[in-house]
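Here the structure comes first, spelled out in structure tokens, and everything after it is commentary.
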Amino acid sequence: CKQPLTYLILIGDGLHNFIGGLAVAGTFLIDIRLGIMAWLAAAAHEIPQELGDFSVLLHGGWEKHKALIFNVLSALSFLVGGLVAYAASFKINVDFLVPFAAGNFLYIGASDLVPEVNKHGDLAVNIIHFVSFAAGIALMWLIKLAFTQAGA
């Protein structure tokens, strides 16, 4: 007996992948280097997520081969999103997809990682996490400044 949660996992993952495909394709359309970085970030996020989804399907009563097939079909919506963004680029300006992609990855970090970091009650661990987070933001800002200066 398949649990209803498994179908929700597939639907949610399909929508998530479609939106990710829109975002990554939009970045490729603006700049191929930016697109490669967005794709790498998406892949780093998607691989563990898809493994987790596969595990949820198995735990929900799906047979291995059927869970794999449906998980792959759900993942293919990433490609569909990319194709939709590409087709739309002939009719509309898809530049808005770049900040959309950035916001998508920030949301992933904020919703998935920040709550996990805050689970530790130890003040020293929380300070280390905060300093690491702040250092990461500072590094991104420095890289932006370096590229701005190089392009000027």
Report yes if some residue within the stretch 4-21 is among the charged types (D, E, K, R) and either in contact (Cβ under 8 Å) with a residue 40 or more places away in the chain or touching a Gly at 6+ places or on another chain (Cβ under 7 Å) (or both); otherwise report no.
-> yes
Out of P48, P4, which single residue is modelled with pLDDT under 90, within 30 Å of I143 (Cα to Cα) and surrounded by fewer than 14 Cβ atoms within 10 Å (Cβ to Cβ)?
-> P48
The number of residues in the stretch 1-43 that are outside any helix (DSSP H, G or I) and closer than 13 Å to S74 by Cβ is 0
Filter the stretch 76-94 for residues that are in contact with a helix residue (DSSP H, G or I) (Cβ under 7 Å, 6 or more places away or on another chain), of a type in the set (A, V, I, L, M) and modelled with pLDDT of 95 or more and give the result.
-> L79, V80, V84, A85
Scan of the stretch 51-65 for residues that are assigned to a helix (DSSP H, G or I) and open to solvent by less than 80 Å² (accessible area, probe 1.4 Å), ordered by number = G52, D53, F54, S55, V56, L57, L58
Residues of the stretch 119-148 being exposed (fewer than 10 other Cβ atoms within 10 Å of the Cβ) and outside any helix (DSSP H, G or I), which ones?
-> K119, G121, D122
How many residues are open to solvent by less than 80 Å² (accessible area, probe 1.4 Å) and of a type outside the set (A, V, I, L, M, F, W, C) when one looks only at the stretch 67-94?
-> 6
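To keep it simple, each residue is scored yes or no on (1) among the polar types (S, T, N, Q); (2) under 19 Å from the mean Cα position of the chain (by Cα); (3) at positive phi.
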site: E63; (1), (2), (3): no, no, no
site: L68; (1), (2), (3): no, no, no
site: S77; (1), (2), (3): yes, yes, no
site: G81; (1), (2), (3): no, yes, no
site: S89; (1), (2), (3): yes, no, no
site: N93; (1), (2), (3): yes, no, no
site: V98; (1), (2), (3): no, yes, no
site: N104; (1), (2), (3): yes, yes, no
site: A110; (1), (2), (3): no, yes, no
Where a residue in the stretch 123-146 is within 16 Å of G109 (Cα to Cα) and its partner, wherever it lies, is open to solvent by 70 Å² or more (accessible area, probe 1.4 Å) and among the basic types (K, R), with Cβ under 8 Å and at least six apart | none
Residue that is aliphatic (A, V, I, L, M) and exposed (fewer than 12 other Cβ atoms within 10 Å of the Cβ), where the choices are I32, I19 = I32
Scan the stretch 95-116 and give yes if some residue there is in a helix (DSSP H, G or I), of a type outside the set (D, E, K, R), at pLDDT 95 or above and open to solvent by less than 60 Å² (accessible area, probe 1.4 Å), otherwise no.
-> no
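The values are calculated or read from the model by the stated rules, or taken from the named source; none is laboratory data. Only a predicted model underlies this, so the values are computations on that prediction, with no experimental measurement involved. With ideal geometry, Cβ positions are generated from the backbone for all residues, glycine too; neighbour counts draw on all protein chains shown. When the accessible area is computed, the model is the full protein with side chains, heavy atoms only, and any ligands, DNA or RNA have been set aside. Shrake-Rupley method; radii C 1.70, N 1.55, O 1.52, S 1.80 Å.
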